[in-house]
1. In the neighborhood of Glu209, defined by Cβ-to-Cβ distances under 14 Å, what is the net charge if each Lys or Arg adds +1 and each Asp or Glu adds -1?
2. Could you rank Lys351, Lys221 by how accessible they are, 1.4 Å probe, largest area first?
3. Mind checking the dipole of region 151-327: about its Cα centre, +1 per Lys or Arg Cβ, -1 per Asp or Glu Cβ, Debye to the nearest 20?
4. If Lys and Arg each add +1 and Asp and Glu each add -1, what is the summed charge of the other residues whose beta carbon sits under 14 Å from the beta carbon of Gln176?
5. If I take R0 = 35 Å and measure r between the Cβ atoms of Lys261 and Asn303 in this structure, what FRET efficiency does the formula 1/(1 + (r/R0)^6) give, to the nearest 0.05?
6. For a quick check of your reading of the filter: which chymotrypsin sites (Phe, Trp or Tyr not before Pro) in region 286-326 sit in a DSSP loop and have no more than 15 other Cβ atoms within 10 Å?
7. Anything in the chain that counts as a DSSP H helix reaching 15 Å or more along its axis (C-alpha) with Kyte-Doolittle mean of at least -1.0? List them, would you?
8. Just to be sure I understand the model, the point goes 7 Å from the Cα along the line to the Cβ. What's the resulting Asp289 to His112 distance in nm?
Amino acid sequence: MAEYRIGVLGATGAVGQKFIHLLRNHPWFRVTALGASERSAGKTYRKATNWVESTEMPEDIANITVSTCDPSKMDVDFVFSGMDSGVATEIERAYAEAGIPVISNARNYRQHETVPLMVAEVNPDHAELIGCQQFDPEGDGFIVTNPNCVCIPLVMALKPLYDAYGVEEVIVTSMQAVSGAGYPGVPSLDILGNILPYISGEEDKIGVEPLKLLGQLNGGKVEFATFPIQATAVRVPVIDGHLLSVTARLAKKPKDLDELKQVVRSWKNPIADLNLPSSPAQPLRLYDDFRYPQPRHQSLAENGMQVGMGRLRMSNVLDVAFTALGHNTIRGAAGCSILNAELLHAKGYLKS
Ligand code: NAP
């Protein structure tokens, strides 16, 4: 069985802690190094981190001394990055140039021509872009990213419809949990008993990332999907789980609601046969009961890796309307990265 030595960059943050939590019993990946800012470097992880996970901090990780994010200080096979996007550009590039693959949550390289923006079940073939990267002349170091936490449930729910009918336009409102803002995040006086009608920077990402994810790989380039997306991102007083309300116009018209349900339920997960450790048995679940999915009750389904889809109906305005739910720090961040890394292992891109 493969065993990789893993570094986590941004290990002290909300996404970094989720990596530590999800990797604690991983069969292939063993965390051996932790990176964060100068504020944390030199301290043990226990001292440097305000642990917000509900499970105990793993004892072996608690005693690791945090370093700055410098590839020369980490003897690892690859790193996961949950780093602040304000500093990720230089640091992630330095790791890739040093021959250390970077599997990242940060937005900095998502639109880079040769960097795959990947959700393992949606566009696993985009991993081939790695062969076009030139960060490391030896070819060992590369960068792979996963999308924004809203785009993951959005594209997973759209994918069966996109394949069956084609999509012409999408209107989406994302009701986003407070954990999406990191720690300490949104002040309690702003969010308790309230909804914040704007999240800076979010709508631009939702408008473009799905188009790369649903794009076709052709001659070493991604030809983006071309439909417009109108996004409204709001912050709601929920701890974990982003709930999306989506309306879409389809290129081919569905016959009726039964056909739509059949299309969603018969969608085949292209990586199911690989039996990857973090792969959910059912990545997309369509609920018939209109009360579901709800953030509190369904965002942890299949260890937080399942996307829930509900309220599927014909639209009075466009063609189809539905809700989609994804756990923002698991499916929408750390869990998505870990599944991407497992896929890269299965495809032979990682060396231990
Ligand atoms: P966060 O809680 O603010 O954590 C940021 C991390 O970056 C901390 O570990 C921090 O270390 C580290 N950092 C800050 N400045 C640094 C520097 N100069 N050098 C090295 N490390 C530095 O943020 P987060 O919510 O975990 O988000 C992390 C990344 O994931 C962001 O790029 C975010 O956009 C993305 N993301 C977040 C979510 C989500 O739901 N939260 C979802 C998808 C993607 P110190 O503790 O030492 O300051």
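1. +2
2. Descending order: Lys351, Lys221.
3. 240 debye
4. -1
5. It comes out at approximately 0.85.
6. Phe290
7. Those that clear 15 Å and a mean of -1.0 are 85-97, 151-165, 202-213, 335-346.
8. Inter-label distance under the simple model: 4.5 nm.
The values are calculated or read from the model by the stated rules, or taken from the named source; none is laboratory data. This is a predicted model, so every value here is computed, not measured. Using ideal geometry, Cβ is built from the backbone for each residue, glycine included, and neighbour counts are taken over all protein chains shown. The protein model used for the area step is the full one, side chains on, heavy atoms only, and it has no ligands, DNA or RNA in it. Shrake-Rupley method; radii C 1.70, N 1.55, O 1.52, S 1.80 Å.
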